[in-house]
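Down below is the structure, laid out as structure tokens.
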Amino acid sequence: MTADRAISEVGPARAAAGRVLRAVGPYRPAQRWDVLPGGPHVFPGVAPRSLPTAQTLSAHLAELGPRPRGDRNLVDEVEALGLTGRGGGHFPAARKWRAVLDGVRTTHRTPVVVANGAEGEPASAKDLALLSTRPHLVLDGLVCAAEAVGAQDLVLWTHGGNHALHSVLVRALRERRAVLDEPAIRLVSAPDGYLSGETSALVRALSGGPALPQFGLAHATSVGVEGRPTLVHNVETLARVALVARAGAESAPRTSLVTVVTPGRRTVVEADEDASIEAALGAGGWPPGPPPQAVLVGGYGGSWLPWVAARPLSVNQLALRSAGASLGAGVLAPLPGDRCGLVETARVMRFLAGSSARQCGPCLFGLPALAGVVDALARGRAGRRDLRRLDRWTDEVSGRGGCHHPDGAVTLLRSALGVFTADSARHRRHLPCAGIGGAPLLPLPGWAPA
Amino acid sequence: MSGSTRRLVVDPVACDGVGMCAHLAPDLVRLDSWGYPIIARDPASPRDERQATRAAAGCPRRAMLVVQRRAGG
């Protein structure tokens, strides 16, 4: 295991130099974002590097034609495409639909279908980009999915804090209600938290509870909102359903929406499934010249990969999984040569510990403890004992929450300890690290503008 | 293979780390660094079964569950 390798290099604990943390300072949140069209599929007609506006219903219908009805054939088409959940889990969509159909048969209750646009990941902007440019593509997919599983209850779940997005969606729903004959779609505002998009939290909130993850022996597909079978899909997944319904699995686009994080900016690109990470980063604004040290792949519950390993990998779940990573929520964050991966990881670990729902012991106590050790490591204050603890605590926290929040944090931490071995050794000897000059890279909420 | 078809499951949301389960089922449950239960193994004997039942019944937070093991799981 990679963590063991890092830990075997522990040097003597000494008084901290404290220099490495100078890199952390006021940070301008990455509010700016671009959408770049990557093909004639999800983002057609969007001018490169422009702040996009939402496509109207008439423009949407003029471009793609009327929406076909969703039925059982659509389930087969979705299966033939091999469509997986783009919220981060990459669970096969067709299997979810079949589980909901089974749930309906066994419980004799009508199902609920939810489009999940609560993008809690601060580094990701793809769901925001999609909903703000192509709302009708997502809503088409939602209605198709509802028809395929026989649902009359349709919910669009997005962050209430984003007023601009909210008004785009209200306008889109009004347009549809005036023209189309389809079940009403309920727009529900999620709280702005990191975990609001977690399926069990969403189910709990839509059943009248708080938007916090819950424990259940049965999956939402059989016992979900108000105890009814519930199909929850990320908005990108549903946009792809709308394209499959029109074009069939054969000609549906095999692409992924990816957010490339560069200092102060998030850029959403549509990457072909065989495009390399290097190509996706280039499209997303990573300048030619010195390569990054490493790339954070997936998101804040994802993994750091060293540049040599990440560079040639294709931007699709199969290729990334074989490299021990996951496309997750589609985040690609290249780490410039003058930043410190440990300092960045320590910042994100603090954020993840603070974002816990404070419900389960492993998260409530384990994540702050882990964040504390990584922080000490980044400051050059970690001793041998701390590193032994780090090993034990990661094992104790992993897989033991009510949701996968602690698992993601442990994945991130283990990958950082594996990839930034040299930095970790330098920090322990109190030598200056490569990241001494750079400002923080990874966007987090609540950082004051510089 | 064990002879039992039941297993112990912790509801981590309900659990407050009281630690009663580790006293009542010492062969099946150990506690992590913060006093929260880790299921060490599934019940494999009548003695284990008794411990599992006692741990579930004795949890003041009703966070320890005995459930039927799923086929293939």
Hey, what angle do you get for helix A:405-419 against the long axis of chain A, alpha-carbon based, 0 to 90 degrees rounded to 10?
-> 50
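Sequence gap at least 6, Cα distance under 8 Å: using those rules, report the relative contact order of region A:226-332 to the nearest whole percent.
Once divided by the residue count of region A:226-332, the mean separation gives 24 percent.
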Hey, what did chain A get for relative contact order, percent, Cα under 8 Å, at least 6 apart?
-> 24
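Compute the FRET efficiency between A:PHE91 and A:ARG384 as 1/(1 + (r/R0)^6), taking r as their Cβ-Cβ distance and R0 = 51 Å, and round to the nearest 0.05. Write out the running numbers ahead of the final one.
Numbers: r = 41 Å, r/R0 = 0.80.
For A:PHE91 and A:ARG384, the calculated efficiency is 0.80.
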With springs only between Cα atoms under 10 Å, which of A:SER424, A:SER276, A:SER322 fluctuates most in a Gaussian network model of chain A?
-> A:SER322
Shielding of A:357-366 by partners, i.e. mean partner chain Cβ atoms within 10 Å per residue?
-> 5
Return the long-range amide H neighbours of A:ASN234 (sequence gap of 5 or more, or a different chain), with a cut-off of under 5 Å between placed amide H atoms.
-> A:ARG86, A:GLY87, A:ASN116
Once the Cα gyration tensor of the protein assembly as shown is diagonalised, semi-axes √(5λ) in Å = 37, 33, 19
Please list, in chain and number order, the residues 5+ apart from B:ARG69 or on another chain whose amide H is under 5 Å from its amide H, with Hs placed from the backbone.
-> B:ARG6, B:ARG7
If amide H atoms are modeled at 1.01 Å from N in the peptide plane, then the residues at a separation of 5 or more from A:VAL331, or on another chain, having amide H under 5 Å from its own are A:THR259, A:GLY298, A:GLY299
For chain B, longest principal axis from Cα atoms; helix B:46-58 axis from its Cα atoms; angle between them, nearest 10 degrees, is 30
By the Cα gyration tensor axes a ≥ b ≥ c (a/c under 1.5 gives rounded; else a/b larger than b/c gives prolate, otherwise oblate), the shape of region A:297-365 is oblate
Gaussian network model of chain A, springs between alpha carbon atoms under 10 Å - residue of A:PRO406, A:PRO306, A:PRO288 with greatest fluctuation = A:PRO288
Calculate how steeply helix A:163-179 sits against the longest principal axis of the alpha-carbon atoms of chain A, using the helix alpha-carbon long axis, and give the answer as 0 to 90 degrees to the nearest 10.
-> 20
Count charges around A:ARG254 for me, please; just the other residues with Cβ under 12 Å from its Cβ, Lys/Arg as +1, Asp/Glu as -1.
-> -4
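Where a number appears in this text, it was derived from the coordinates with a stated rule and is not lab data. No experiment lies behind these values; they were computed from the predicted model shown. Because the Cβ atoms are built from the backbone with ideal geometry, glycine has one as well, and the counts that use them run over all protein chains shown.
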